[in-house]
Amino acid sequence: MSWLWQVPAVVAKELLVEWRERSRVSGLFFYSFALLLMVAFAMPNTKMLADIAGGALWLGLLLASTRSLDQSFKVELENGALEGLVLWPVDPLALYYGKAIANTLVLLLVAAAIVPLVIVLYHPEIKGDPWQLVGILVLGSAALAAPGTLVAALTVQARGSSALLPMLLFPLVVPVVLASARATMLLFDGDLMGQVDDWMMLLLAFDLVHWSLDGLLFTRIVDEG
Amino acid sequence: MPPIESLPISPGAAVGLVALVAIVVANQRAGRTPWALPRWEHAFGLVGLCTILNGQYMGLFEAPRERMMGEVARILYVHVPSAWLTMVVFLFTFLFAVAFLFTGRKVFDQLVEATIEVGVVLAILLQCTGMLFAKPTWGMYWDWDPRLVSTAVMTLSFIGVLTLRSLVVDADQRATWTSVGAILASTSMAVTYYSVQWWRSVHQMQSSPDTVAKPIVLVLRINAFALLFLTVWFVARRWRIAAARAREDEAPPLPEEVLA
């Protein structure tokens, strides 16, 4: 289990890379912001906005995640950084979990920025417990990042990767988008039937499956790549 | 149309006999043993073809009229077997992908490719028949029912893997990544299978022989086995193509200078 000690180092390295290219994270933020505006413009009337607030939030996060995931491995290919990391005694598992955690943190950062925007722009009434929203955001971001990191590693070296990534990732994360959007909308609307916990359990189950399985699959990709 | 027992010869048997005579004649002319088949899988294909002719004949003309849905329910003799076989084929995709990652043997990679492609075709057949069935019974071709959505998602996941496969140039990378992608896509299978239990919606839950009338069960079984045999034939044929392509990739012709 010595690779566990390498995980924080990989996370720190990822965050350092993100910090050095701050424009990328802010680009993500403005991307989701523009998306929220466009969704609002595309709706027939503004009364609907409060109902779809939760869905729009997760749509924004999902699309932002594909952009950040695509970037996260593109950086490694420049100057053969990935090869260097593997030759250096970094366990592929540490590499995967480090990257997945960093990707989760980036997504949470974007979420922290766009949640207030959703509340301001879409003015949903928040009847539920705001702390539960934090739980949904953490579980949902982790559920997008775990398979996302693996799929990004798969597609980055293929031709036309930026089109391929969503094609492979979206079908996989349908349960995530469904569960997080439903849970968020229920939280906004008032959760009369106590369904939010069920949706969060689905997210948790998805997280458990993918955070355990995808690391193992990642080791095979790195061995081959 | 008369029931199959009262026919002088069943459609499947007729086609089977003609095919056997043709095989024997062709073998005689080529000077081979009369019963020789060029490939073992053709036996499956032939049996599957004859059985499905009989099965569909029984489904169309002999099986009792369904009490609630009437004649429309006869599409079930295509819909249900294709659903079973879709799941079986994708289950094998998963097993072959795991086997490839553990052993690294090329044959498993070729089988992954073959099963994904056949599975996608079956899944599309499944959804087309499902839509035709849904229009008269539910009143619409498509409903946002969890079973329907998860099946579509499963199909898309495997189509994504095929796309990934077509975009990777290096053969070893392609093999590993296809297997990884296939295992990921297989996680959607469980969602599809249990969707009718997790979210009770328009689509019915899994039936069992206890909940379906005896004559219907018999016809369903005949059609399911027929499609199983045909699927084995399709997968085997597709695997031969994959194997031939792999051989072509692996052994480039030597350049002239070397030969001289």
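Laboratory data are not the source of any read-out in this text; all were calculated from the coordinates shown. Fair warning: this is a prediction, and the values are worked out from it, not measured in the lab. Here the Cβ positions follow ideal geometry from the backbone for every residue, glycine too, while neighbour counts run over all protein chains shown.
About its Cα centre, chain A has a charge dipole of approximately 480 debye under the convention of +1 per Lys or Arg Cβ and -1 per Asp or Glu Cβ, with nothing else charged. In 5 Å bins starting at zero, report the fraction of Cα pairs in segment A:2-224 per bin as a rounded %. Per 5 Å bin, starting at 0, the Cα pair percentages come out as 1, 7, 15, 19, 19, 16, 11, 7, 4, 2, 1, 0.
Per residue, the convex hull spanned by the Cα atoms of segment A:12-121 measures out at 94 cubic angstrom. Computed over segment B:173-224, the convex hull of the alpha-carbon atoms projects to a mean area of 5.7 nm².
Starting from the eigenvalues of the Cα gyration tensor, five times each then square-rooted, give me the equivalent ellipsoid semi-axes of segment B:78-200, largest first, whole Å. Could you put the intermediate results ahead of the total?
Numbers: eigenvalues 172, 35, 29 Å².
The three semi-axes for segment B:78-200 are 29, 13, 12 Å.
Here, segment B:146-260 has an Rg and a Dmax of 21.1, 74 Å when only alpha carbons are counted. Relative to the longest principal axis of chain A, what angle (0 to 90°, nearest 10) does the C-alpha long axis of helix A:161-189 take? Between helix and principal axis, roughly 40 degrees.
With kT/(6 pi eta Rh) evaluated at 4 °C and eta = 1.567 mPa s, and Rh the Kirkwood radius from Cα pairs, segment B:24-63 diffuses with a coefficient of 108 µm²/s according to Stokes-Einstein. log10 I(q)/I(0), Debye, Cα-only segment B:38-98, no solvent, q = 0.14 Å⁻¹? Debye intensities relative to I(0), on a log10 scale: -0.59.
The count of lysine pairs in the protein assembly as shown with alpha-carbon distances below 18 Å, taking only pairs 8 or more places apart or on different chains, stands at 4.
The ellipsoid that matches the Cα gyration tensor of the protein assembly as shown has semi-axes, each √(5λ) in whole angstrom, of 46, 34, 16, with the longest given first.
Over the residues of chain B, the helix contribution to mean residue ellipticity at 222 nm works out to -25500 deg cm²/dmol, using -39500 (n - 2.57) for each DSSP H run of at least 4.
Working value for chain B: equivalent-ellipsoid semi-axes of 36, 30, 13 Å, each the square root of 5 times a Cα gyration tensor eigenvalue, largest first.
Here the sum of -39500 (n - 2.57) over DSSP H runs of 4 or more residues, divided by the residues of chain A, equals -29000 deg cm²/dmol at 222 nm, to the nearest 500. For chain A, the longest principal axis of the Cα atoms and the long axis of helix A:92-122 meet at an angle of about 20 degrees. The convex hull of the Cα atoms of segment A:133-220, projected and averaged over all directions, covers 5.9 nm².
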